[in-house]
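K.L.:
What follows is a single structure, and I will ask about it in a moment.
Here, each number is a calculation from the coordinates, and none is a lab measurement. Treat the numbers as computed from the prediction; the structure is a model and nothing was measured. Counting neighbours? That spans all protein chains shown, and the Cβs are built from the backbone with ideal geometry, glycine included.
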Amino acid sequence: TSYVFDFSHGDKDQKDLLGGKGANLAEMTRLGLPVPPGFTITTEACRHYLAQGSEPQDLRLQVTMALRRLEDQVGRRLGDSVDPLLVSVRSGAKFSMPGMMETVLNVGLNDYSVLGLIEASGDERFVWDSYRRLIQMFGKTVLGIEGEAFAAALDAAKQVKGARSDVDLDAADLKDLVGDFKEIVLKHTGRDFPQDPREQLDLATRSVFDSWNTDRARLYRRRERIAHDLGTAVNVCTMVFGNLGETSGTGVCFTRDPATGRPGVYGDYMTNAQGEDVVSGIRNTLSLDDFAALDPASYGELRQIMRRLETHYRDLCDIEFTVERGKLWMLQTRVGKRTAGAAFRIASALVDERLITLDEALERVTGTQLANLMFPQFDPGTARTALTRGMAASPGAAVGRVVFDSPTAVEWAARGEQVVLLRRETNPEDLEGMLASAGILTSRGGKTSHAAVVARGMGKTAVCGADELEVDSVAKYAQAGGVRVEEGDLLSIDGTTGEVFVGQVPVVPSPVVRYLEEGLDAAVEGADEGTADLVRAVDRILGHADAVRRLGVRANADTADDAARARRMGAQGIGLCRTEHMFLGDRRVLIERVILAATPAERASALEALLPMQRADFTDLLETMDGLPVTIRLLDPPLHEFLPDRADLMVEVARAEERGEPDERAIRMLAAVNRLHESNPMLGLRGVRLGLTVPGLFSLQVRAIAEAVAARIAAGGHPHAEIMIPLVGSVMELHLIRDETDGVVAQVGADAGLDLTIPVGTMIELPRAALTAYRIAEAAEFFSFGTNDLTQTTWGFSRDDVEAAFFAAYLEKGVFTVSPFESLDVDGVGRLVRIAAQEGRAARPDLKLGVCGEHGGDPESIHFFHRTGLDYVSCSPFRVPVARLEAARATL
Ligand code: ADP
Ligand code: MG
Ligand code: MG
């Protein structure tokens, strides 16, 4: 096996084997760009090393041969005492991964080769600076010595000299510093800094391999859902020197603005610097314009290369370069990360520039990015500096007064304050406080911590793991970077970027929502250029999405208002109208009368009283959704939910008795509540079971629907109501209900002189329903997968309890990487969906299939539903645009 490839072999599509950095170095070499020559040790070698505990046998020899080729090519020898070759040893996994070993520069320097390099470069200061950097980096990353030890010695040297910056140290100072650094190595490791260049190279390589498994790297992979068995490549690259005086330097740049997507180049440059100096903030950087003025030739070449790379990758590129005495070298490129807004603007701009097609534009953006753009944001026009930042755990912008515990959050919220709950980490006891808060901020834990999981479930803004924050919840203050925040201080947190600000940052509504609600013209009018561009890009890409997607997108909406909003968001109908809200508020007394009825006649008259209201509700809804399907689910929740709380009632009854004036109504109510009480109401008397045991209840609802349809037809409308029966487990249940409902519909039709037909279907939300779909399809014109209940009943998880009780632990331990209530469990629940879809269609080829759980708005789940051949997904109105986009992306 070949474990080593020269940069001149390979290309950008070999990231699996060469890692991202190696594959792109090879690609740039292939394009003829000025890349310092070198070679890549493959991820396969790393995997071998990690599995066996030692390098593959051939590796040593293959590195020797690659090194010879390299030495021949550049005409210098690694660590030679005359004009030595130096190399950098750079990690580079398939996905860029902070937390792994950093790069070691200047490998090959030792007490002899320094002399050769002084001779060759004629710059003594530069050479000692390079040597001290090698010992420092090697000591830190390869030998595991605290970086503090070196930093302290460097500071001491600067102090002695009265130097403000490292450039103020001269050759002699740096030479002394090399001596100090060597002492540190000896003291910490018990041996001298390795002088053998090849040993330096091998040790650095091995430590890159080892860094794959550091805690930080593992944690990062868990968060980002990157597999643990990929391994990293190692790149060995000829050193070029940005620290050879004022005609040298190093820089980073982007081919467009990664924050806004605006065209035009962006970057920073620093003269007489090496490696990460430019991003480390040790000195002020120059802009690319300054660079152009300083070294027009190098700048000109860089601009040409940037354009070439962008055209070649057909995307925003992120570039690292170095200038050595006026000669430009390319050290890295990759397709750059960008904000959500920039992703849309860049994709659309690249279509304009004819670099990509509209289909490709769809691939360049995600539903999650679109969702982020739909949250309110902090006003981009307001100047502000972040106090600190953490993980962007749950998007949105929240402003409130800081509180350090849940009871205070609840108390302050109750008196009308907006609060931000600040904790080291949260636990199930914080639940009420989290509910009461506008936003949640923690100093510990990542995207899968309790706080993050629960906040996302609640749709609350959260920033987690802001680890610079010291939090004292007893003394009630927190501090970061010398700034102290007390209880009651205003804090603003950005769950989309992870930033935390002191004070109140103004919040503006999302321009993308404005566009969705009011149309393109309204959103563009008066907007600044960047916003207008963004909105146009979203419009264009969503428009294309609608043209290519196969899946329909409907909304879950219960009221005419929600339905109207859903329609504006692009919904093609209602996939789930819950009818329970129609029994709440003022109408609660009416349903109470139904439940408490002592005789069939009493019940019938109580139901009769509900009829006109239900009919009016449905008529409104059908009018708003005229021409589009409206799936109405008959009553689902257990009846006790409509009655007063049991404990409250008991108190009421007891009090009345004490006063010697027993409350007959309360006593009857309590009896009913006791009669209806269940230990597991979610598995109890609900859904179709209500229809079969409470005479007249479903008939009432069906009559209201049928009469609403008749009324809309009479008014010249085009109503498309569909009746959906919840919680069916057996076809027999459905037959029994249909006998009743079909009769009612026929009767209403006859009375109105119309030939009324209303499709009747069922939810598939019990495993038994999925497994007997072949039978159930006999009696159902459509299936709608209720994936919330189906997840609950398949896993045996109570969805109202688990998130708080143990999901955080399950996520932490890797039982799953994402809550199965958030993203469909494709292997288990998904298998049931697939079975039901196939068998249902086998029994009834024109069976319509949809989904109406939360998963209908989740990107990954939508891709699964597309693959499974469903006809539509239904989700909350706010998720409809996300579903439109992801349904299209699923076809690519
Ligand atoms: P990262 O993955 O953190 O970007 P790199 O391997 O790109 O790490 O190295 C960090 C920096 O070190 C580069 O941006 C570059 O400035 C410098 N560097 C790496 N290799 C060389 C080299 N062969 N010559 C000069 N500088 C180098
Ligand atoms: Mg880099
Ligand atoms: Mg359900």
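K.L.:
Is the C-alpha gyration tensor of the stretch 398-493 telling us rounded, prolate or oblate? Criteria: a/c under 1.5 is rounded; beyond that, a/b larger than b/c is prolate, otherwise oblate. Could you put the intermediate results ahead of the total?
P.N.:
Working: a/c = 1.55, a/b = 1.06, b/c = 1.47.
Oblate, because a/c is 1.5 or more while a/b does not exceed b/c.
K.L.:
What is the distance, in nm, between label points placed 7 Å from the Cα along the Cα-to-Cβ direction at ASN284 and at GLN504?
P.N.:
About 3.5 nm, to one decimal.
K.L.:
Pop a pseudo-label 7 angstrom from the Cα along the beta-carbon direction at both ALA414 and ARG262 and give the gap in nm to one decimal.
P.N.:
Rounded to a tenth, the inter-label distance reads 5.0 nm.
K.L.:
What's the FRET efficiency of LEU596 with ASN680 using the Cβ-Cβ distance as r and R₀ = 41 Å, to the nearest 0.05? Present the calculation step by step, with values, prior to reporting the outcome.
P.N.:
Details: r = 24 Å, r/R0 = 0.58.
Approximately 0.95, to the nearest 0.05.
K.L.:
If contacts are Cα pairs under 8 angstrom and at least 6 residues apart, what is the relative contact order of the stretch 249-335 in percent?
P.N.:
Working: 140 pairs, mean separation 26.0, N = 87.
Relative contact order, the stretch 249-335: 30 percent.
K.L.:
For LEU50 and GLU146, FRET efficiency with R0 = 35 Å and r from the beta-carbon atoms, rounded to 0.05?
P.N.:
Values: r = 26 Å, r/R0 = 0.73.
My answer for the efficiency is 0.85.
K.L.:
Here's another thing I want to ask about it. Pop the C-beta distance of GLU432 and HIS228 into the FRET formula with R0 = 41 Å and round what comes out to the nearest 0.05.
P.N.:
Working: r = 37 Å, r/R0 = 0.90.
About 0.65, to the nearest 0.05.
K.L.:
Among ALA227, LEU690, VAL553, whose Cα lies farthest out toward the positive end of the dipole of the chain, if unit charges sit on the beta carbon of Lys, Arg (+1) and Asp, Glu (-1)?
P.N.:
It is ALA227.
K.L.:
Calculate the spin-label point distance for THR559 paired with ARG587, positioning each point 7 Å from the Cα along the beta-carbon direction, and give it in nanometres.
P.N.:
1.2 nm
K.L.:
Restricting to Cα pairs below 8 Å that are 6+ residues apart, what does the relative contact order work out to for the chain? Please round to a whole percent.
P.N.:
Details: 1792 pairs, mean separation 76.3, N = 892.
Once normalised by length, the contact order is 9 percent.
K.L.:
Can you sort THR891, THR205, THR388 from fewest to most other Cβ atoms within 10 Å of each residue's own Cβ?
P.N.:
Values: THR891 14, THR205 24, THR388 21.
Listing THR891, THR205, THR388 from fewest to most nearby Cβ atoms yields THR891, THR388, THR205.
K.L.:
For each pair in LYS158/LYS187; LYS460/LYS813; LYS12/LYS327; LYS21/LYS337; LYS140/LYS187; LYS21/LYS327, compute the distance between the two Cα atoms and list the pairs where it is over 18 Å. Could the numbers behind the result be given before it?
P.N.:
Values: LYS158/LYS187 22 Å; LYS460/LYS813 24 Å; LYS12/LYS327 25 Å; LYS21/LYS337 15 Å; LYS140/LYS187 14 Å; LYS21/LYS327 22 Å.
Listed pairs above 18 Å: LYS158/LYS187; LYS460/LYS813; LYS12/LYS327; LYS21/LYS327.
K.L.:
Let me ask something additional. Within a 10 angstrom radius of the beta carbon, how do LYS848, LYS187, LYS327 rank from fewest other beta carbons to most? Each step should come with its number before you reach the end.
P.N.:
Values: LYS848 21, LYS187 10, LYS327 14.
So the residues, fewest neighbours to most, are LYS187, LYS327, LYS848.
K.L.:
I've got another one for you. State the extension gain, in nm to one decimal, for the chain segment bounded by GLU183 and LEU358, taking 0.36 nm per residue of separation less the distance between their alpha-carbons. Can you show the working numbers first?
P.N.:
Working: separation 175, 0.36 × 175 = 63.00 nm, distance 6.07 nm.
Taking GLU183 through LEU358 to full extension adds about 56.9 nm, to one decimal.
K.L.:
Any chance you could run the full-extension gain for ASN788 through ARG314? It's 0.36 nm times the residue separation minus the Cα-Cα distance, nm to one decimal. Each step should come with its number before you reach the end.
P.N.:
Details: separation 474, 0.36 × 474 = 170.64 nm, distance 4.06 nm.
Between ASN788 and ARG314, full extension yields an extra 166.6 nm.
K.L.:
Of PHE865, MET374, PHE138, which is farthest towards the positive pole of the chain's charge dipole, taken about the Cα centre with +1 and -1 on the beta-carbons of Lys, Arg and Asp, Glu respectively?
P.N.:
It is PHE865.
K.L.:
Given the -39500 (n - 2.57) contribution per DSSP H run of 4+ residues, what per-residue ellipticity at 222 nm results for the chain, rounded to the nearest 500 deg cm²/dmol?
P.N.:
On the way: 36 runs with 411 residues, N = 892.
Calculated mean residue ellipticity at 222 nm is -14000 deg cm²/dmol.
K.L.:
D for the stretch 730-855, whole µm²/s, Stokes-Einstein with Kirkwood Rh over alpha-carbon pairs at 37 °C and 0.692 mPa s: what number?
P.N.:
Values: Rh = 16.1 Å.
Roughly 204 µm²/s, to the nearest whole number.
K.L.:
Just want the ordering: SER348, SER207, from fewest to most Cβ atoms lying within 10 Å of their own Cβ.
P.N.:
Details: SER348 24, SER207 19.
By the 10 Å Cβ count, ascending, the order reads SER207, SER348.
K.L.:
Work out, step by step, the length gained on full extension between ALA714 and ALA292: first 0.36 nm times the residue separation, then minus their alpha carbon distance; give nm to one decimal.
P.N.:
Working: separation 422, 0.36 × 422 = 151.92 nm, distance 7.45 nm.
Between ALA714 and ALA292, full extension yields an extra 144.5 nm.
K.L.:
Something else: Expressed as an acute angle from 0 to 90° and rounded to the nearest 10, what is the orientation of the C-alpha long axis of helix 15-30 relative to the principal long axis of the chain?
P.N.:
50 degrees
K.L.:
Now, a different point. Roughly how many debye, to the nearest 20, is the charge dipole of the stretch 495-630 about its Cα centre, given +1 on each Lys and Arg Cβ, -1 on each Asp and Glu Cβ, and no other charges? Walk me through the numbers on the way to the answer.
P.N.:
On the way: 15 positive and 22 negative charges, 122 e Å.
Approximately 580 debye in magnitude.
K.L.:
Based on Cβ point charges of +1 for Lys and Arg and -1 for Asp and Glu, what charge dipole magnitude is obtained for the chain about its Cα centre, in debye rounded to the nearest 20?
P.N.:
1500 debye
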